[in-house]
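Step one of this worksheet: look at the structure below.
The values are calculated or read from the model by the stated rules, or taken from the named source; none is laboratory data. Keep in mind that this is a model prediction, so the values were computed, not measured. Methodologically, a virtual Cβ is constructed for each residue, glycine included, from the backbone with ideal geometry; neighbour enumeration extends over all protein chains shown. Remember, those area values only see protein heavy atoms, side chains included, never the ligands or the DNA or RNA. Shrake-Rupley method; radii C 1.70, N 1.55, O 1.52, S 1.80 Å.
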Amino acid sequence: MDFEIPQGADREYLIVFGVAAIYVATIPRGEPCIVGVTRDLGQTFDAIRDNWAWSEIACAFWVKDRETAEVIVAEATEVLPRDPEGRLAVRAEFARRQIEAVAERSKVPLTNHDAAMSRVHAAVRHVQEKINEANASGDLAWFNSAYRSWRIEAKKFGRVMSYAEALARLRRAVTKRLITLDVINLDADLLPGIFPDLPNETAENYVDGSKKPVLSSRTRPRPKPRADGSGGRGISH
């Protein structure tokens, strides 16, 4: 399949950026098809394949946010016929033209998936280059020191994190700052969002002299079991 599914750092960038994809998925013969909205094309593609094994994503457009994307899809598919499984009983090319026509009438810019991925690749590469340069020059000494300290403390609670995962967390923090502030900053003020909080060690209960676990303000309470339900039409994330 020629369609590129965003993965790894590319997927992270798109999710942090907050954009949404309008996609058209179909089986190889082109009909029927599925038109939907997602912020995670990979997860959505897997879900589609779980239901219809031979499906593939024929095309996708990116818009500024999910709400805008859902309005376009609702209008573009409102009068189209559906098959017994809820898929659109039209060819993927026809659905694509419907989406483009609605977006044009609504004056909503659509960014072709290939063009979007090209921009994402460039941005991700730029962020990674800056991280590599900072690491080589010693400007990431604060990060490496923080990682060693966190790892030592985390072992006491059976927690682990590889250096590669820590770097991925740093990359996400730098990417978010690039998107929100249009700057690449590798200063230590990024630290709070990189390493997960750890609980304090067991302390004495000085009220009755016994030793009991004392929860600190940084200790996350164990969540209570709950039953979740979900509804809605289509497959989206």
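What number of residues within the stretch 21-31 satisfy the criterion of being in contact with a Ser or Thr (Cβ under 7 Å, 6 or more places away or on another chain) and open to solvent by less than 20 Å² (accessible area, probe 1.4 Å)? Total satisfying the criteria: 4. From the list GLY18, GLY86, GLY30, GLY8, the lone residue that is free of Cβ contacts under 8 Å to residues at least 12 places away in the same chain, on the phi > 0 side of the Ramachandran plot and among the small types (Gly, Ala, Ser) is GLY8. Scanning the stretch 44-71 for residues that are modelled with pLDDT of 95 or more and among the polar types (S, T, N, Q) returns THR44, THR68.
Checked against (1) open to solvent by 60 Å² or more (accessible area, probe 1.4 Å); (2) in contact (Cβ under 8 Å) with a residue 40 or more places away in the chain, TRP142 passes all but condition (1). If you go through the stretch 37-51 one residue at a time, do you hit one that is over 17 Å from GLU4 (Cα atoms) and open to solvent by less than 60 Å² (accessible area, probe 1.4 Å)? Within the stretch 37-51 (the criterion being over 17 Å from GLU4 (Cα atoms) and open to solvent by less than 60 Å² (accessible area, probe 1.4 Å)), the answer is no, since none of the residues qualifies.
Listed here are the residues, each with its yes/no results for (1) open to solvent by less than 40 Å² (accessible area, probe 1.4 Å); (2) not in a helix (DSSP H, G or I).
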residue	(1), (2)
THR68	yes, no
ALA76	yes, no
PRO84	no, yes
GLU93	no, no
ARG97	no, no
GLU104	no, no
SER118	no, no
HIS126	no, no
GLU133	no, no
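VAL108 meets all of the listed conditions (1) surrounded by fewer than 12 Cβ atoms within 10 Å (Cβ to Cβ); (2) outside any helix (DSSP H, G or I); (3) of a type in the set (A, V, I, L, M, F, W, C) but one, namely (1). Considering only the stretch 165-191, state which residues are outside any loop (DSSP other than H, G, I, E, B) and farther than 18 Å from TRP150 by Cα. Listed by number, the residues that qualify are ARG172, VAL174, THR175, LYS176, ARG177, LEU178, ILE179, THR180, LEU181. Checking each residue in the stretch 40-66 for being within 14 Å of TYR23 (Cβ to Cβ) and part of a helix (DSSP H, G or I) picks out LEU41, GLY42, GLN43, THR44, PHE45, ASP46, ALA47, ILE48, ARG49, ARG66.
Among the residues of the stretch 154-179, the ones that are charged (D, E, K, R) and exposed (fewer than 13 other Cβ atoms within 10 Å of the Cβ) come to 3 in all. Could we say that ARG151 is free of Cβ contacts under 8 Å to residues at least 40 places away in the same chain, outside any helix (DSSP H, G or I), open to solvent by 60 Å² or more (accessible area, probe 1.4 Å) and closer than 20 Å to GLY193 by Cβ here? So ARG151 does not fit the description; no. In this structure, GLU4 does not satisfy being of a type outside the set (A, V, I, L, M) and part of a helix (DSSP H, G or I). The numbered conditions (1) under 24 Å from ARG11 (Cα atoms); (2) at pLDDT 90 or above are all true for GLY138 except (1).
Filter the stretch 79-129 down to the residues that are closer than 13 Å to THR26 by Cβ and not acidic (Asp, Glu) and list them by number. Selection gives ARG87, LEU88, ALA89, VAL90, ARG91, ALA92, PHE94, ALA95, ARG96. Among the residues of the stretch 180-187, is any at pLDDT 85 or above, β-branched (Val, Ile, Thr), surrounded by 11 or more Cβ atoms within 10 Å (Cβ to Cβ) and within 23 Å of TRP142 (Cα to Cα)? No, every residue in the stretch 180-187 fails to be at pLDDT 85 or above, β-branched (Val, Ile, Thr), surrounded by 11 or more Cβ atoms within 10 Å (Cβ to Cβ) and within 23 Å of TRP142 (Cα to Cα).
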